[in-house]
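The values are calculated or read from the model by the stated rules, or taken from the named source; none is laboratory data. Here the structure is a predicted model, which means the values were calculated and not measured. Here Cβ is always computed from backbone atoms with ideal geometry, including for glycine, and neighbour counts include all displayed protein chains. When the accessible area is computed, the model is the full protein with side chains, heavy atoms only, and any ligands, DNA or RNA have been set aside. Shrake-Rupley method; radii C 1.70, N 1.55, O 1.52, S 1.80 Å.
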Amino acid sequence: MMITVQDFSGVYAEQPFMQGLRKSADQSSAGTDAQIRWMDCTGIPSTDCYCDDDAVAAIRKQIADAGITDAHGIHFFDNGNFHYMSKIWTDMVQEPFDLVVFDHHPDMQVPRFGNILSCGGWVLEVMKSNPFLQGVTIIGVTDHLVDEIRAELSQTCDAKILDKVTFIKESELYQIPGQARNDAIASTVQTSWRPWSRHLESASLYISIDKDALSPAYAATNWDQGSLDVAALKEIIAGLAASHKIIGVDICGERARDFAGDEYHTVQEADALNDRTNRELTEFLQNL
């Protein structure tokens, strides 16, 4: 899979694996044959959490100037504040597809400021605007947010959208005793995702991963985190890939640029952890 990295905040600077990708991108030929592309997005204004029309146009131009014409490949784009990039990438899909999102948040908020694209509402925007989208499944969402978004959308003209989205709540991911959890990933995956995976409408899938769905043992992000582990994440994706074409995979969920440490990680620990998870996911996806 081709790899594209969009660096919005400079957060990848202390991650050796990611810097290795940058070095490879600098040394490789540009154009449609390039296997790794690194895009410096730090100079594009109005991109943090909300992305206005001018910023969207600048990002799309940068993608086009890099010789990218479709959404295939692995796309890294910084922390969760930039998860709306999955809307921009899926706009490039030209075939029927289902969207599978791993996220601790539903990202389906009704727009608060006109129709500005946001990290908190991009899924809803994809559902409203993408003619190729058949359905959405969001995995790992904290339980109360699912209830809140259902209540909010049921009171608006967007209520019918709920018919196209399946939520797998965080509490539904692990339906086994905690003591046995590490020894029963396969059982967990089977009970959690296989029932709904049979109802995916399309032969093709687009996967978007916000690492805040992972527990703090596997990632350090700038949003509250869930309890998914990397092994289960990989198991689910492998199961999906066995019966579906994977168009592209997005990965976000780095720490905030101004992160100063928390109860789980120092800055150095956070960078090392995220770098390790980014490497593990990249190697896994390239060998699907």
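State whether region 1-97 is rounded, prolate or oblate according to the following rule on the C-alpha gyration tensor (a ≥ b ≥ c being the square roots of its eigenvalues): a/c under 1.5 gives rounded; otherwise a/b larger than b/c gives prolate, and the remaining case gives oblate. Please list the in-between numbers first.
Details: a/c = 1.60, a/b = 1.10, b/c = 1.46.
Taking the square roots of the gyration eigenvalues as a ≥ b ≥ c, region 1-97 is oblate.
If R0 is 30 Å, the Cβ-Cβ spacing of Ala272 and Asp91 corresponds to a FRET efficiency of close to 0.30.
Taking the protein heavy atoms of the chain in the context of the full set of protein chains, the accessible area attributed to carbon and sulfur is 48 percent at 1.4 Å.
Surface exposure of region 1-128, expressed per residue as accessible area with a 1.4 Å probe, stands at 39 Å². Amide H contacts for Gln6 (H built 1.01 Å from N in the peptide plane; partners 5 or more residues away or on another chain; cut-off under 5 Å): Met39, Phe76, Phe77, Asp78.
Comparing Gly135, Gly43, Gly120 in a Gaussian network model of the chain, where Cα atoms under 10 Å apart are tied by springs, the biggest mean-square fluctuation is seen for Gly43.
Within the set Lys61/Lys234; Lys169/Lys245; Lys87/Lys128; Lys23/Lys245, which residue pairs have Cα atoms separated by over 22 Å?
Among Lys61/Lys234; Lys169/Lys245; Lys87/Lys128; Lys23/Lys245, the Cα-Cα distance tops 22 Å for Lys61/Lys234; Lys169/Lys245; Lys23/Lys245.
Between Asp258 and Ala231, what FRET efficiency follows from the Cβ-Cβ distance if R0 is 35 Å, with the result rounded to 0.05? Efficiency for this residue pair is about 0.65. Fully extending the segment from Leu288 to Asp26 would add 91.7 nm, taking 0.36 nm per residue of separation and subtracting the current Cα-Cα distance.
According to the square roots a ≥ b ≥ c of the eigenvalues of the Cα gyration tensor, what is the shape class of region 192-288, taking rounded for a/c under 1.5, prolate for a/b larger than b/c otherwise, and oblate for the remainder? Display every interim value, and only then the final one.
On the way: a/c = 2.53, a/b = 2.12, b/c = 1.20.
Judged from the Cα gyration tensor, region 192-288 comes out prolate (a/c at least 1.5, a/b above b/c).
Charge dipole of the chain (Cα centre as origin; +1 on each Lys and Arg Cβ, -1 on each Asp and Glu Cβ, all else neutral): 720 debye, rounded to the nearest 20.
Show that you can apply the helix-only estimate: for the chain, add -39,500 (n - 2.57) for every DSSP H stretch of four or more residues, divide by all residues, and state [θ] at 222 nm to the nearest 500. Don't skip to the answer; put the middle values down first.
Details: 9 runs with 102 residues, N = 288.
The helix contribution divided over the chain gives -11000 deg cm²/dmol.
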